[in-house]
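The values are calculated or read from the model by the stated rules, or taken from the named source; none is laboratory data. Keep in mind the model is a prediction, meaning the values are calculated, not measured. No Cβ is skipped: glycine too gets one built from the backbone with ideal geometry, and neighbour counts run over all protein chains shown. Surface accessibility is based on the protein's heavy atoms, side chains included, excluding ligands, DNA and RNA. Shrake-Rupley method; radii C 1.70, N 1.55, O 1.52, S 1.80 Å.
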2 protein chains.
Amino acid sequence: MSEDDTAQPASQTASTVERAADVLVLFAESARPTLGVTEIADKLSLSKAAVHRILASLRSRGLVELDEETRRYALGLMSMRLGLAYLDRIDLRGIAAPELAALSAETGETATLSVRSGDSRIYLEQVTPAREVRMSVTLGVPYPLHVGASSKAFLAFLPEAERDAYLTRHAPGERGTLNEQAEHVRQVGYAVSYGERQPGAGSVAAPVFDHTGRPAAAVSVCGPLERFRNEADSCAKALLQATTRISSRLGHTT
Amino acid sequence: MSEDDTAQPASQTASTVERAADVLVLFAESARPTLGVTEIADKLSLSKAAVHRILASLRSRGLVELDEETRRYALGLMSMRLGLAYLDRIDLRGIAAPELAALSAETGETATLSVRSGDSRIYLEQVTPAREVRMSVTLGVPYPLHVGASSKAFLAFLPEAERDAYLTRHAPGERGTLNEQAEHVRQVGYAVSYGERQPGAGSVAAPVFDHTGRPAAAVSVCGPLERFRNEADSCAKALLQATTRISSRLGHTT
DNA sequence: CCAGTTGTTCCTTTTTTCGGAATACTGTTC
DNA sequence: GAACAGTATTCCGAAAAAAGGAACAACTGG
């Protein structure tokens with residue numbers, strides 16, 4: 001019966017620090033931009049005195065700010081710096097790696113991660129399944145941003161002006177067709193390709209979004225064309241779950 | 001009469017919370033993405049045991065994460081959420097208001113704040129000086145994004161593709177001239193206008209940037225043309241200091 | 001394989017926080 | 001204009017919590 005359902009309660013903790021952390025979390029989760037001492041004390045079942053002490057300490061480090069007029073507290077500049085520091089240090093490859101591994105294991109196909117580089121796309125990472133016939137991509141080589149599932153998934157979610165500028169530069173003749181395809185990709189959330197970039201290969205791909213809502217990368221599941229035709233649908237489902245998780249670690253909120 | 005605007009530690013604080021806050025700040029300010037217990041203890045002159053307890057507590061709330069492999073700590077998802085919560089709640093007008101008041105007082109002219117709205121710009125706020133002859137703008141009315149100092153300051157710092165798309169739509173004939181002017185605005189950091197949007201009025205304006213580096217608003221100092229010609233230079237200096245401060249509150253890092 | 005780190009735990013002393021109640025403010029209502 | 005809710009803030013002794021030195025464990029690299 002003594003199962004701890006929480007996330008790993010470390011044996012040695014400092015309860016005062018946990019209370020202070022709860023206060024910060026409350027600011028992050030509350031709908032309101034400012035909170036009062038009593039309000040916080042009620043919600044966290046702490047005494048007003050304790051909340052006051054905590055706020056005074058957090059304030060001394062800039063994590064929260066006090067509006068002298070209203071006597072209400074809000075998150076401070078240092079809180080913002082914490083968030084930006086996190087975002088600065090995001091290691092996309094590191095975050096995606098376990099998801100790619102899981103995707104590959106689940107689908108039995110190759111999972112890839114690619115990012116935009118100027119007007120091109122390059123593969124950053126891949127995980128291949130342990131099968132005799134499998135697909136493998138070349139990391140670091142630039143491909144066009146409008147050919148193949150990963151490219152189309154990325155392109156579809158770019159702001160319209162940017163997509164159009166790209167298409168005018170690189171594929172003016174196909175602008176109409178590609179814009180229509182992009183519309184479809186946005187509706188279903190992923191792009192499919194059968195032998196488009198690479199003859200004999202099939203692929204489904206979906207974008208990963210950053211905290212500003214822009215596509216930051218694309219993840220694909222790809223394999224030999226013959227057997228991939230049957231798998232595409234089921235792959236897409238797992239793919240979208242993986243990209244959703246990665247996006248949320250980049251700060252994307254639905 | 002007791003004006004203590006510094007980060008004065010209030011009489012009643014919780015030292016443990018302050019130590020924990022110091023740990024978080026260290027993560028934000030350190031160049032490295034991960035820190036070890038000993039490293040933190042050394043830098044903050046705390047015992048390893050204390051740091052360990054603090055980290056365990058912060059970890060239980062998701063503010064920091066532990067890489068089980070390397071036994072090193074990094075900022076957690078909750079830290080990111082704090083930052084994003086701060087950014088979500090930014091009250092541009094509230095932040096700018098005191099800066100506008102100071103600008104107006106220092107220059108003796110009108111200070112304004114405007115933001116983009118689609119392909120237009122509207123004044124959000126203004127502070128006028130206590131002089132008989134002064135300038136006043138109309139809040140909330142849309143103006144073109146390429147006429148007047150505030151518009152040009154904003155436009156100049158938009159991504160090239162976006163600026164070009166706008167100019168093609170709204171001022172195709174002046175594209176060359178305006179792009180050249182934009183280049184100059186970027187170099188000096190502000191835009192000047194003599195009677196451009198409003199006959200008889202002069203203005204210097206500079207953009208305010210958000211944490212992604214995009215222009216989020218424009219601040220201007222403006223006044224009656226005759227006397228403003230002599231003031232423009234000195235106004236520009238104060239203007240840039242003000243916009244730099246506002247930008248930093250929006251998370252902009254140089 | 002061993003020395004030198006680093007992270008973690010233990011345990012007693014000491015320092016700190018806790019929390020209720022008193023106090024000081026602020027803006028509102030009658 | 002004065003009493004009044006509703007705040008935030010301070011005070012205090014009691015009591016719980018953190019500190020920190022040192023032992024222990026788990027690695028790393030020579």
Expressed as a whole number, the average count of other chain Cβ atoms within 10 Å around the Cβ atoms of A:61-67 is 4
A:Thr212 accessible area, 1.4 Å probe, all protein chains in place, Å² to nearest 10: 70 Å²
Consider a paramagnetic label point 7 Å from the Cα of A:Glu160 along Cα→Cβ; state which residues of the range A:192-224 have an amide N under 16 Å from it. none
At 7 angstrom along the Cα-to-beta-carbon line, where would the label on A:Glu160 sit relative to the other copies? Give the distances in nm, shortest first. 2.5
Between A:Thr110 and residues 5 or more places away or on another chain, which pairs have amide H atoms under 5 Å apart, with H built 1.01 Å from N, and which residues are they? A:Met135, A:Cys222
With the full set of protein chains in place, find how many percent of the accessible area of the range A:30-186 is carbon and sulfur; take the probe as 1.4 Å. 51 percent
Rounded to the nearest 500, what is the 222 nm mean residue ellipticity of chain B from helices alone, with -39500 (n - 2.57) per DSSP H run of 4+ residues and division by all residues? -15500 deg cm²/dmol
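Across peptide B:73-79, what mean number of C-beta atoms from other chains lies inside 10 Å of a residue's C-beta?
Values: counts 0, 4, 7, 2, 4, 8, 10.
Per-residue shielding by partner chains comes out at 5.
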Distance in nm between B:Leu139 and A:Thr212 label points, each 7 Å along Cα→Cβ, equals 2.9 nm
Could you tell me, in Å, what Rg and Dmax come out for the Cα atoms of the range A:108-204? 13.7, 44
What is the diffusion coefficient of the range B:15-87 in µm²/s, taking the Kirkwood radius over Cα pairs and the Stokes-Einstein relation at 4 °C with a viscosity of 1.567 mPa s? 106 µm²/s
Average beta-carbon neighbours from other chains, 10 Å sphere, peptide B:138-145: 0
Show me you know the interface measure: the accessible area buried between A and B, both chains summed, probe 1.4 Å, in Å² to the nearest 100. 4300 Å²
GNM result for chain A, Cα springs below 10 Å: residue of A:Ser151, A:Ser203, A:Ser79 fluctuating most strongly: A:Ser79
Looking at the range A:69-172, which GluC sites (Glu not before Pro) are DSSP coil and have at most 15 other C-beta atoms within 10 Å of their C-beta? A:Glu69, A:Glu132
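Over the range B:160-254, with the other protein chains present, what is the accessible area per residue in square angstrom, probe 1.4 angstrom? Please report the intermediate quantities before stating the final value.
Details: 4600 Å² over 95 residues.
Here the per-residue accessible area is 48 Å².
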Exposure of B:Thr13 as accessible area (Å², to 10), given a probe of 1.4 Å and all protein chains: 50 Å²
If you count only protein heavy atoms and use a 1.4 Å probe, how large is the accessible surface of A:Leu178, to the nearest 10 Å²? 20 Å²
Provide the gained length on full extension for the span A:Glu231 to A:Glu132, in nm with one decimal, where the gain is 0.36 nm per separating residue minus the Cα-Cα distance. 33.9 nm
Have a look at A:Ala201, A:Ala85, A:Ala216 and tell me which one the Gaussian network model of chain A (Cα, springs below 10 Å) gives the largest fluctuation. A:Ala85
